[in-house]
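Notes for the one structure printed next.
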Amino acid sequence: MARTVPRIVLALLVGASLGCAGALMQGVFGNPLAEPGVIGVSSGAAVGAVAAIALGLNFAGTWTVPVLAFAAGLVTVLLVYVMSRSGGRTEVVTLILTGIAVNAFAGALIGLFLFFADTAAVNQIAFWQLGSLSQATWPKVLAVLPCAVLGLAVAPLYAAADRHAPPRRAPPRPVSAPGRGGACHGVAAVSGPPARTASRPGRVPLREGEGEGTG
């Protein structure tokens, strides 16, 4: 029971955070199949975790991999957002294309780290990428809790702002902030890539008129 309860609590936090982040991404992209990985959350976090494992980094003890995964995922999202801005605006189409390019680059970095890693590190990387809650403990739950609570608390504010925003007919729709989907940074750091539990992105509105009514 002492090992089961932390797993249950962490699973609830992970599920709530990924579900909330996915809903926000679907609102941003106007597509019911969109998920946070489209802007580099999962691939960026994976780069940080893979780098920590392959290079044998241990500056934070057992927290080294989660810390680097969280930091790399956050930096990747901010990088995608900054690179997508043009004229003070971040358009949805530009954000998607930039996210695709950054995801490809992150995949190349992961492959490079795997090439230089030894057999034990490769096995550890493969296990991390599968995602797991088997190592859940109360300290890890407490580490994830602030990120999850903050993301879940801020999400309704974004939803309310979109709901009361006047309808826009001029495509493509601008994206207001990079924080949407940030709730899954913390959970990705301890449970593995969110792409393992979320849907892949589907068709997104690219032509005039296709994104109307999504706020």
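The values are calculated or read from the model by the stated rules, or taken from the named source; none is laboratory data. Computed from a predicted model, the values in this text were never measured in an experiment. Note that each Cβ is placed from the backbone with ideal geometry, even for glycine, and that neighbours are counted across all protein chains shown.
ALA69 falls short on exactly one of the conditions (1) touching a residue at least 60 places away in the same chain (Cβ under 8 Å); (2) on the phi > 0 side of the Ramachandran plot, and that condition is (2). Looking only at residues in segment 33-49 that are over 13 Å from ALA101 (Cβ atoms) and either at pLDDT below 85 or of a type in the set (Ser, Thr, Tyr) (or both), which one is surrounded by the fewest Cβ atoms within 10 Å (Cβ to Cβ)? Here the residue is LEU33.
Scanning segment 29-52 finds no residues that are among the charged types (D, E, K, R) and more than 10 Å from the chain's Cα centre (by Cα). Going through (1) of a type outside the set (Val, Ile, Thr); (2) farther than 28 Å from THR137 by Cα; (3) out of contact with any helix residue (DSSP H, G or I) (no Cβ under 6 Å at 6 or more places or on another chain); (4) modelled with pLDDT under 95 one by one, SER84 falls short only on (3).
Filtering VAL14, VAL80 for residues that are closer than 27 Å to ASN123 by Cβ, under 13 Å from the mean Cα position of the chain (by Cα), buried (at least 23 other Cβ atoms within 10 Å of the Cβ) and of a type in the set (A, V, I, L, M, F, W, C) leaves a single hit, VAL14. Kindly indicate whether any position in segment 143-162 is more than 25 Å from TRP63 (Cα to Cα), at pLDDT 85 or above, surrounded by fewer than 16 Cβ atoms within 10 Å (Cβ to Cβ) and of a type in the set (A, V, I, L, M). Yes, some residue in segment 143-162 is more than 25 Å from TRP63 (Cα to Cα), at pLDDT 85 or above, surrounded by fewer than 16 Cβ atoms within 10 Å (Cβ to Cβ) and of a type in the set (A, V, I, L, M). Among the residues in segment 31-48, are any small (Gly, Ala, Ser), out of contact with any Lys or Arg (no Cβ under 7 Å at 6 or more places or on another chain) and on the phi > 0 side of the Ramachandran plot? Yes, the conditions are met somewhere in segment 31-48. When LEU95 is tested against (1) modelled with pLDDT under 90; (2) part of a helix (DSSP H, G or I); (3) over 17 Å from the mean Cα position of the chain (by Cα), just one condition goes unmet, and that condition is (3). Restricting segment 53-64 to residues that are modelled with pLDDT of 90 or more and in a helix (DSSP H, G or I), the residue that is farthest from the chain's Cα centre (by Cα) is ALA54.
With ILE125, ILE100 as the choices, which residue is at negative phi and surrounded by fewer than 16 Cβ atoms within 10 Å (Cβ to Cβ)? Reasoning before the result, please.
Working: ILE125 fails: surrounded by fewer than 16 Cβ atoms within 10 Å (Cβ to Cβ).
Answer to the check: ILE100.
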